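Notes to accompany the following structure.
What follows is calculated from the coordinates using simple rules that are stated; it is not laboratory data. Since the structure is predicted, the reported quantities are computational estimates derived from the model, not experimental observations. Here the Cβ is made from the backbone with ideal geometry for all residues, glycine too, and neighbour counts use every protein chain on show.
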Amino acid sequence: MTTSKAIRIDRHGGPEEMQLVQVQVGEPGPGEIRIRHKAIGLNFIDVYQRSGLYQLPMPLQLGMEASGIVEAVGAGVTHLAVGDRAAYASQPPGSYSEVRVMPAKNVCKLPDGIDFETGAAMMLKGLTAQYLLKKTLPQGGLQRGDHVLFHAAAGGVGLIACQWARALGLQLIGTAGSPEKCQLALEHGAAHAIDYKREDFLARVKEITGGKGVKVVYDSIGKDTFEKSLDCLQPFGLMASFGNASGAVPPFAPGVLGAKGSLYLTRATLFTHIATRESTQAMADDLFEVVLRGDVKIRIDQRYPLEQVQQAHRDLEARKTTGCTILTL
Ligand SMILES: NC(=O)c1ccc[n+]([C@@H]2O[C@H](COP(=O)([O-])OP(=O)(O)OC[C@H]3O[C@@H](n4cnc5c(N)ncnc54)[C@H](OP(=O)(O)O)[C@@H]3O)[C@@H](O)[C@H]2O)c1
């Protein structure tokens, strides 16, 4: 038996519910590995799982993303070997730890050119940007020059999406909560940036697109932006709702989509896209390629020791962070 530091909650609630504990870690079973983490990624989903917006059984070890070295491999795992450098975005939660046993399916070998901190920061957020921009598309797809609206463009997923959209030739209109964040989005490839705390983003989108609106809105803010985002769409446009940073979108009547121009709506989640080993690896290869080519730089703006995870959550929820955040060991 190995022991590990881990962050655990015994009930849903505020950041203060997260406690540092020592846990026992055993041997991997069939389809599993044991990984010793080098760095851990912080994600907004960790906040939902902690607060109870996403209800999970207790006690719960948090964290969905990390990088490290494979320490033991269970029966049937063929794509990883002891000593491999690896990184993942994966269920179940448990990455806020030094070492863990977990399903191998979503764990990918980390290319030599990508360091552990980058690996820990980029998997969940980068694979999300991948499936949004490459697979969550309007009828007929997206062509170079098309406008899309991407909320929280200076955040973890946001800055990756800005750069990837630029590489794809898209005109990404980013929203962000301060002039400094807007500047950051522009520096990372957004064609336009709107400070949605100070400006009416619907009016600005109409102005930028000459009244036409955008083909897709990528909306991770939820409650505060959902309705107005629908009005930013062209007829037949796609509303890709993928998060709830301001709270969950309340129920609404599908007739609204008809009245606003035969719109499409999806509520997308990464975990459908990485349901198999094959799809995970294909998406990860695509992500590794844009990162190794330098088209997408993974910007780590905050680092907190694992022991200071409460502060990391407070800062993320208070909109004080930009780019990616990692927990260090
Ligand atoms: N469905 C999926 O597959 C999937 C996967 C990954 C992430 N996500 C979602 O994508 C979003 C981004 O994730 P992330 O980890 O990269 O986080 P993040 O973007 O770094 O942080 C969230 C950002 O949301 C903005 N925000 C607006 N209203 C907010 C509010 N009331 N409270 C807190 N933040 C607010 C803030 O930016 P401004 O100050 O600029 O507004 C904040 O920095 C999250 O909503 C997350 O749940 C979804």
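What angle do you read, to the nearest 10 degrees and between 0 and 90, between the alpha-carbon axis of helix 156-167 and the longest principal axis of the chain? Approximately 60 degrees, to the nearest ten.
Provide the packing ranking of 242-253, 179-190, i.e. peptides ordered by the mean count of other C-beta atoms within 10 Å per residue, highest first.
Values: 242-253: 15.1, 179-190: 20.2.
Order by mean packing, descending: 179-190, 242-253.
The ranking of ARG36, ARG100 by Cβ neighbour count inside 10 Å, starting from the fewest, reads ARG36, ARG100. Mean separation of Cα pairs under 8 Å and 6 or more residues apart, divided by the residue count, gives the chain a relative contact order of 17 percent. Global size of segment 200-296: 16.1, 45 Å for Rg and Dmax (C-alpha atoms, Rg to one decimal, Dmax whole).
By the rule of a C-alpha distance below 19 Å, with chain neighbours fewer than 8 residues away ignored, the aspartates and glutamates paired with LYS197 are GLU180, GLU207, ASP219, ASP224, GLU227, ASP231, ASP315, GLU317.
Descending by average beta-carbon neighbour count within 10 Å, the peptides 226-239, 157-170, 276-289 line up as 157-170, 226-239, 276-289, the highest first.
Legend: ranking of residues TYR218, TYR131 from fewest to most surrounding C-beta atoms inside 10 Å; resulting order TYR131, TYR218. Out of ALA89, ALA176, ALA81, any idea which swings most in a Gaussian network model of the chain, alpha carbons joined below 10 Å? Checking each option, the largest mean-square fluctuation is seen for ALA81.
Relative to the globular-protein estimate of 2.2 N^0.38 Å, the Cα radius of gyration of segment 276-317 stands at 1.67. Here, segment 137-267 has an Rg and a Dmax of 13.5, 39 Å when only alpha carbons are counted. Mean sequence separation of contacting Cα pairs (under 8 Å, at least six apart), scaled by the length of segment 213-329, corresponds to a relative contact order of 18 percent. For the chain, the longest principal axis of the Cα atoms and the long axis of helix 116-135 meet at an angle of about 40 degrees. Annotation: the antiparallel percentage among DSSP beta bridges lying fully within the chain is about 60.
Along its first, second and third principal axes, ordered by size, the chain spans 63, 39, 37 Å in Cα coordinates. Among the listed pairs LYS5/LYS105; LYS215/LYS297; LYS228/LYS260, which have their C-alpha atoms separated by more than 19 angstrom in this model? Pairs exceeding the cut-off: LYS5/LYS105; LYS215/LYS297.
Rounded to the nearest 20, the Cβ-based charge dipole of the chain about its Cα centre (Lys and Arg +1, Asp and Glu -1) stands at 420 debye.
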